[in-house]
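Here is the structure we will look at.
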Amino acid sequence: MKRFYLSLMLFICTFSCFANISTWDIGYYVDEFGDKTDEAFLHSETINIKYGNSKWETQDCRILIDDKYVSFYVGDTYYNDWIIRTKTPEGEIHSYKFIFDGSSRRLYSYYQSEVVGILNDILKNSRVIAVPDNKYSTDKYDFGIVSIDLETLISIRPDF
C-alpha cells in the first residue's frame, strides 16, 4: 500500500511541474489612455508552473508573441540572464539567451536570430524550459510542449 501512494505522489508531481501550451488567443495593445490599438499579439493560455529549487512556488506563466518579440511571462526571479532551452521532437536541443525585465516579469531577447529560432522550434512542437544563466542555480520554468500552427503565427507575423 505504501508503494502505491509513493507511486501516485511521484506521478502527480511529475505532471504538475509543467503544462503543455497549445491554445493561443489574439490580444491588442492599449495606448496611454487605455484604448485598444491596432497592434495585435498572440498570447498563450496561462499555465501554472512549479518553480524554484527549494520553495517550489506555483507561478502563473504564459508566452506572448508579437511582430518583434517572443516573451515568456514568469514570476519573480533573482537573475537577469536566462537561457531558454528547447528540445525538438527529433531530439535537437537549442539554447537562446534571454534577459529578465523585473518590472514586467518577462524574459525576452532583442536579437531577431533568437526570436526566429524560438519560433521555428515552437512550430515543431518543442519542449521549452527557462533556466537562469547561473551555473549554481537549479531553478527552472518548464513550459512543457509548446506548439503553434503556422497559420496562427502568420496572423501576427505575416513575414515569417
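Residue-by-condition table, conditions (1) in a helix (DSSP H, G or I); (2) acidic (Asp, Glu); (3) touching a residue at least 40 places away in the same chain (Cβ under 8 Å); (4) more than 18 Å from Thr152 (Cα to Cα):
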{"site": "Asp38", "(1), (2), (3), (4)": "no, yes, no, no"}
{"site": "Ile83", "(1), (2), (3), (4)": "no, no, yes, yes"}
{"site": "Arg127", "(1), (2), (3), (4)": "no, no, yes, yes"}
{"site": "Lys135", "(1), (2), (3), (4)": "no, no, no, yes"}
Item to complete: Mind listing just one residue for me: the one in region 122-136 that is of a type in the set (D, E, K, R) and over 11 Å from the mean Cα position of the chain (by Cα) and, of those, surrounded by the fewest Cβ atoms within 10 Å (Cβ to Cβ)?
Response: Lys135
Item to complete: Please state which one of Lys87, Lys140 is out of contact with any Gly (no Cβ under 6 Å at 6 or more places or on another chain) and either at pLDDT below 95 or of a type in the set (Val, Ile, Thr) (or both).
Response: Lys140
Response to the item:
Cβ pairs under 9 Å, 6+ apart or interchain, first in region 13-26 and farther than 10 Å from Ile47 by Cβ and modelled with pLDDT under 90, second part of a strand (DSSP E or B) and among the charged types (D, E, K, R), ordered by first then second residue, are Cys13/Lys50; Ser16/Lys50; Cys17/Lys50; Cys17/Asp142
Practice prompt. Would you mind stating whether Gly144 is in a loop (DSSP other than H, G, I, E, B) and farther than 13 Å from Val70 by Cα?
Written response: no
Discussion item. Out of the residues in region 88-121 meeting the condition of being charged (D, E, K, R), surrounded by 11 or more Cβ atoms within 10 Å (Cβ to Cβ) and out of contact with any Ser or Thr (no Cβ under 6 Å at 6 or more places or on another chain), tell me which one is farthest from Ile65 (Cα to Cα).
Written reply: Glu92
Worksheet item: Name the residues in region 107-137 that are basic (Lys, Arg) and farther than 14 Å from Trp82 by Cα, would you?
Response: Lys124, Arg127
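The values are calculated or read from the model by the stated rules, or taken from the named source; none is laboratory data. Please read all numbers here as calculations on a predicted model, not as lab measurements. FYI the Cβ positions are ideal-geometry reconstructions off the backbone, even for glycines, and counts take in every protein chain you see.
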